[in-house]
1. If you take the residues of region 67-80 that are farther than 22 Å from His16 by Cα and in contact (Cβ under 8 Å) with a residue 60 or more places away in the chain, which of them is surrounded by the most Cβ atoms within 10 Å (Cβ to Cβ)?
2. Please find, among Phe287, Phe231, the residue that is touching a residue at least 40 places away in the same chain (Cβ under 8 Å), hydrophobic (A, V, I, L, M, F, W, C) and more than 14 Å from the ligand (Cβ to nearest atom).
3. So which residues in region 255-284 are more than 23 Å from Cys312 (Cβ to Cβ), free of Cβ contacts under 8 Å to residues at least 60 places away in the same chain, surrounded by 18 or more Cβ atoms within 10 Å (Cβ to Cβ) and within 10 Å of the ligand (Cβ to nearest atom)?
4. Test Asn208 against the stated conditions and say whether it is touching a residue at least 24 places away in the same chain (Cβ under 8 Å), touching a strand residue (DSSP E or B) at 6+ places or on another chain (Cβ under 8 Å), within 16 Å of the ligand (Cβ to nearest atom) and in the same structural domain as Lys258 (by TED's automatic domain parsing).
5. Identify all residues within region 313-341 that are more than 21 Å from Lys281 (Cβ to Cβ) and either surrounded by 22 or more Cβ atoms within 10 Å (Cβ to Cβ) or touching a strand residue (DSSP E or B) at 6+ places or on another chain (Cβ under 7 Å) (or both); write none if there are none.
6. Val193 is checked against (1) of a type in the set (A, V, I, L, M); (2) surrounded by 22 or more Cβ atoms within 10 Å (Cβ to Cβ); (3) within 13 Å of the ligand (Cβ to nearest atom) and fails just one. What number does that condition carry?
7. Looking only at region 356-366, which residues are surrounded by 18 or more Cβ atoms within 10 Å (Cβ to Cβ) and either in a helix (DSSP H, G or I) or not aromatic (Phe, Trp, Tyr) (or both)?
8. In region 226-254, how many residues are within 20 Å of the chain's Cα centre (by Cα) and crowded, with 18+ Cβ neighbours inside 10 Å?
Amino acid sequence: MKGIVLKKDKEQVLHHKHPWIFSGAIKVIDDNIPNGAIAPVMDHNKNILAWGYVNRLSDITVRILCFGEKPFTLDTLKQLIHKAIEKRLHNPLLANTNAYRLIHSEGDEIPGLIVDKYDAHLVFQSLTMGIDMLRNEIVQILADITHPESIFERSDHAGRFAEGIEKRSGQIFGVTPDEIIISENNLKFSVDVKNGQKTGFFLDQRENRKALIPYCAHKRMLNLFSYTGGFTIAAFKGGAYEVVSVDSSRQALDMLKKNLKLNHLNAGSIEVCTDAFEYVKHSTEKFDLLVIDPPAFAKSRKDIPSALRGYCDLHVHAFHLCRPGSLVFTFSCSRFISADDFQKILFISAEKSKRSIFILSKYHQPSDHPVNIFAPETEYLKGFLLYVE
Ligand code: SAH
């Protein structure tokens, strides 16, 4: 049988239901299996342990789609998509929003597939060659189960290069409007799923934006890496009297202004289009509350040392802008930097800035971005609420 045979001492991974097989774990891979195709993964005795899709160009040679001897079929795919949707259906945490992640890749046992829901519209994102091959089937199943008004493709993630596939985006089904108004925590946001960053909005910060609200009354806040103002709008809702939002993207800040209007907020917002590192280095302003939500600095393992230095630099300078007794919500969405590493960075930054700092709370990704317990790597977002004395 055509397939992949694992080295004897590497079979354990599959017994523990981890969905990734690295090249070093493979004893033999049949030359006749094209990249992107689904194949059985076997133990040294040729017993089938799982089925997954192959890509020799990727560090992760096989991503598992189902465990056990039974082959992966269209029905298996349907079941997986159903299970993901089911997880969200009666989730009270999602009751207050019409925008959430419907399928979260390995977190929903479909490696490489992201589907986000914005009101009645879906955004489809494929991160791998294997998912590209299943694209039409996935789109058909999504249309049959969820009856969306439209499906737009945003398979333009930079990670596709490592998979040997081109970026692709465009309309797949129906007509997606240029602007979709979503509602989150009783706030409104305008989302451009066609041109915005990621799939249009950072849905993974929904709960953390909500967590910010009670801390904002009578505060002057600095929102670093503001994007379209998710935390800014939440801060005004919580009673902040002034918010300085810093982002290097002019389009994001234009959208932020739109979002202020949408929520009938018209005073106290200052938008600064610049590099956030430069801003914190040169600013002499003082704030009572800071939000620091940068993009992932470490996109791969080799970036870790420079990412750690970046986080440290950013925090040392940011702490200097804190009035005594202020609060800092700070986040890292780098998959390769653990919560412990992040806490160490905060410790070093506190020492360097000569401020006494206390952790008041910790945050993580929301329930529509589930962590697969068998794949701890699916936990990527971590946050801390700090008290800066
Ligand atoms: N907090 C936001 C999401 C932030 S995403 C929310 O709740 O929606 C990260 C943002 O950082 C993006 O808007 C991106 O444009 C911005 N960005 C990336 N590098 C930057 C830099 N060096 N300086 C300032 N902004 C940057």
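The values are calculated or read from the model by the stated rules, or taken from the named source; none is laboratory data. This is a predicted model, so every value here is computed, not measured. With ideal geometry, Cβ positions are generated from the backbone for all residues, glycine too; neighbour counts draw on all protein chains shown.
1. So, considering only residues that are farther than 22 Å from His16 by Cα and in contact (Cβ under 8 Å) with a residue 60 or more places away in the chain, the one surrounded by the most Cβ atoms within 10 Å (Cβ to Cβ) is Lys78.
2. Step by step, each of Phe287, Phe231 is checked, and only Phe287 is touching a residue at least 40 places away in the same chain (Cβ under 8 Å), hydrophobic (A, V, I, L, M, F, W, C) and more than 14 Å from the ligand (Cβ to nearest atom).
3. Matches in region 255-284: Leu256 only.
4. Yes; evaluated as a whole, the condition is true for this residue.
5. Those that are more than 21 Å from Lys281 (Cβ to Cβ) and either surrounded by 22 or more Cβ atoms within 10 Å (Cβ to Cβ) or touching a strand residue (DSSP E or B) at 6+ places or on another chain (Cβ under 7 Å) (or both): Leu327, Ser334, Ile337, Ala339.
6. (3)
7. Selection gives Ile357, Gln365, Pro366.
8. Count: 10.
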